[in-house]
Every structure is written in structure tokens, then in C-alpha cells.
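Notes for the one structure printed next.
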Amino acid sequence: MKKYFYKNLTVQELAGLTKRPAVDFSKVFETVHPILNDIKKDGLKAALNYAKQFDSFIGEEIRVSKKEFREAEKNLDKKTRKALQIAAKNIEKFHKKQLPKPYTVEIQNGIKCSREFRAIENAGLYIPGGSAVLPSTMLMLGIPARIAGCKRVVVYSPAKEGKVNNPLLYAAEICGITEFYKIGGAQAIGLMAYGDSSIPKVNKIFGPGNQYVTAAKLLVSIDPEGAAIDMAAGPSELVVIADRNSNPAFAALDLLSQAEHGPDSQVVLLSDSEEMVSKINLELLRQLEILPRKEFAEKSLENSISLITEDLIQAVNFSNMYAPEHLILNIKNAEKYRNEIHNAGSVFIGGFSPESAGDYASGTNHSLPTSGYARITGGLTVESFMKSMTFQKLSRKGLKKIAPVIETLAEAEGLEAHKRAVSIRFKN
């Protein structure tokens, strides 16, 4: 990790440290756009051709059968089944509190306005299946969709040699998923967005993926015939704030837990102690040697930084500038800094709150904003699978009271029909 001292940096140099490793989407769009056009034209046939080309898909049947769901549960070891059940229970407990409540306001006598919520009817969930298959992501997407009350929830994930791994299928079963397709990549996003005569399209697409999946999501989201998306999720990222009281092994493994996601992930270490930064760097080297995904983590660390600040408030302020997907406060009296944090997807307070807890089983969602989007938005919630609707009911007396206001404003905007739509109701 490259080491910097806050006191030696200009405002522009500090801002430069908040930039993520760039992805050249122009080239990715050139690859993805023809794939989407082919699927838009030929549907499942085109999607299957690309699945065979890019994912070595075998066979013609892409939908997971009831038998495959049963076999996945049967062949899954008891320990993993139990872990998925407990994680699902915790995620459901936290997310149930997110169900939005309708309300009605009597604006004045004869005018009532209300807001209600409805589930998105067709939701598509994308579960990555490249270098790491993520049943945890299945729970993080599937459980909020179920709580929201979506009528149809369909899952797409790439299959190795035509087979989806057992933990992922069992996680889908826990979520109540029955429609699951063995297809991934940009071709999966295309099929979700445009559908086929045998597979209806979805209204909104959820889930992370590589740069090709992200590019496909962006393209279908601006196509009137496509589908909405949850967010443009980029590579995983983490900020760890550590002080002289921190356990260096804890901090090092927290950093590596995100670095091992992939070479384009980025981790940032902030500390008011140069000595602690040195200790953590030594631990990083030691722990790195025993990681199965060492190559990914090493490349990620090349894009990562450590920044030595003059105090912890300075560290928190830089974190707010960076706006990380995940933030760990591995410091003494961490709770007192809670109100100083303004930009972060998910925050982990104290030495015994590893980011891994949020990734799997503490209950919060791990589908979070990356690339600085935590400045303007939060992570995935039950409301992400819903939309709000407003209602209004006016009596004759109620409309008459505000008729002059409506007519005056309509006249000011030069919209005569708007004005007359009110006045005609009181002519006779």
C-alpha cells in the first residue's frame, strides 16, 4: 500500500486520493452493446449462444428444475445449511423493519392526500458466479424482495458446466425462489431486460457483477424498452480507521477481506499513528502469504493507500470525502464518532465489528453504493423493491376552496385547459 502523510498533501492531492481505479467503460460498451442488441432481436436463442461462448454452458435447458433444487438441499452439508438458515433469519429480522408505512394527511376540510406503497411486480436478481459464487448475495437480494411482496422474482446466475452450486440453490430456496436461470454475464442482463416469448422481462434488475454486467445494466437502464436498475455497483471498497489501540491483525485481515474480492478492489487505511500503520503493513504481508486468493489481494493492494493523519477527526473527515462502501472504526471509543460520519454505505463500530459480519450474517445488507455514490445514496433496502403512489380525494367544497389558487397558477403558466378543468365544475 502506498503511504501518505495528510499534513504534506495539498487539497487537490487529498482529493486525488479519493479517486478509484478507473474502468474504461467506452471499450466495455463496445463489447456489450452488440450482445444486448442480439438478445433484443433473438431473445433466448441469442442469450444461449453467448452463454456457450463465454460461460461454456452445456445443453439447452437453462431453467433450474425442481429436482435440481431438491438435490442441492440434499447434497449440501448440514453445517452450511444451518449457517445459511441463521444468516437468512438475521437478514429478515433487520429488513422487516424497513417496510414503509402509508399515511394520510387532511390538508384542509374536504382535501385528503395520502401516500401508499406497492411492490415492483417483476424483479430480476443477478448473482455473480465468476471467481467466487455468492450465496450470501442471494439472501441479501431475495429476502428484501420477498418482504416487499414482489409477485415474480427471477434469478440469473452463470453455471459451471450447466450446474449451479448447491449453497446458491439452497439460498434461493430459502428466499422462496422457484424461477432460476443458469445464465450470467451481459447476456443475462439482456434477457432480464428484454425477455423472450418463453421468459417474461423484468421491471427492475438488482445485483452486482463484473464490468460487463455493470455496463449492460447501465445500457438497458437508458433504453425505454429495457429495465430499471438498482445501482451501478463497482468494485468492492473498504476504509479502516485504526488508532494506536487497534489490533493490527484485525485491521490487516479486514483490509484483506475486501482486497481478495478482486484486483480492482480498493482498500484504504487511515490512522493517527505511523507506528500502527507499520504494524498493520507487516501483518498484511504475513497474512497475505496464506490466502488462497493471494494474487487478487496483492493486485488490489497495489491500488490501495495508507494515510497518516494528525488526529482521528481528520481521518473521519477524509473518510467522508472518500465516501466508502464499507467503513470500519477500529478505534477506542468508536461510538463517539458516529455522528461525525456522513458518507458511507455501511459502518462497523469497534474492534469486534468486522466487515465480514455485514457481508454474511449480522442482518444488514451488503449490496451497497461504491465509487463515491455513498455521498448521495444508501444501500439496498426493502423499499428498493417497492415504489410509492400518492392519492388525493377532494370534495366539492374542498375543490372550491383551492379553485382560485389552481386557476391563478394555471393562468400564470399559460395552461388554459388546466384552469378550465377546475372552473367548469362550478359553472352550473
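Here, each number is a calculation from the coordinates, and none is a lab measurement. This one's a predicted model, so the numbers in the text were calculated from it and none came from an experiment. A quick note on method: Cβ atoms are made from the backbone with ideal geometry, for glycine too, and the neighbour counts reach across all protein chains shown.
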Margin query: Rg over Rh of the range 13-128, using C-alpha atoms and the Kirkwood radius, what does it come to?
Written below: 1.13
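Using only the alpha carbons of the chain, what is the convex hull's orientation-averaged projected area in square nanometres?
Numbers: hull surface 106.7 nm².
With every direction weighted equally, the projected area is 26.7 nm².
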Margin query: Need the list of lysines near K393 for cross-linking: C-alpha distance under 16 angstrom, and skip anything on the same chain fewer than eight residues off.
Written below: K112, K401
Check: How would you rank 356-368, 248-260, highest first, on the average number of other Cβ atoms within 10 Å across their residues?
Finding: 248-260, 356-368
Notebook entry, point to check: Given H placed 1.01 Å from N in the peptide plane, which residues other than close sequence neighbours of C150 have an amide H under 5 Å from its amide H?
Noted result: none
Checklist line | Under-5 Å amide H pairs with N203, H placed in peptide plane, nonlocal only | finding: N122, A123, G124
Next item on the list: Name the residues whose placed amide hydrogens come within less than 5 Å of the amide hydrogen of R63, ignoring near sequence neighbours (fewer than 5 apart) on the same chain.
Entry: K182
Check: Can you work out ³J(HN,Hα) from phi for every residue in the range 86-101, in order, using Karplus 6.51 cos²θ - 1.76 cosθ + 1.60 and θ = phi - 60°, giving whole Hz and x for Gly and Pro?
Finding: 5, 4, 4, 5, 5, 5, 5, 4, 6, 6, 4, 5, 7, 4, x, 9
Next item on the list: Measure up K82/K336; K74/K151; K74/K97; K93/K387 against 24 Å on the Cα-Cα distance and list the ones that go over.
Entry: K82/K336; K74/K151; K74/K97
Next item on the list: Find the percent of Cα-Cα distances in the range 243-369 that exceed 27 Å, and round it to a whole number.
Entry: 11 percent
Checklist line | Straight-distance crosslink candidates among lysines, where the alpha carbon sits under 24 Å from K3 and sequence neighbours closer than 8 are dropped | finding: K19, K279, K294, K299, K332
Note to self: Using Cα springs under 10 Å in a Gaussian network model of the chain, which residue among G124, G162, G16 shows the largest mean-square fluctuation?
What the structure shows: G16
Check: In whole Hz, what ³J(HN,Hα) sequence does the range 50-66 give by Karplus (6.51, -1.76, 1.60; θ = phi - 60°), x for Gly and Pro?
Finding: 5, 4, 5, 6, 9, 10, 6, 5, 10, x, 10, 8, 9, 8, 5, 7, 4
Next item on the list: Specify which residue in the list T214, V382, L312 is farthest towards the positive end of the charge dipole of the chain, using unit charges on the beta carbon of Lys, Arg (+1) and Asp, Glu (-1), about the Cα centre.
Entry: V382
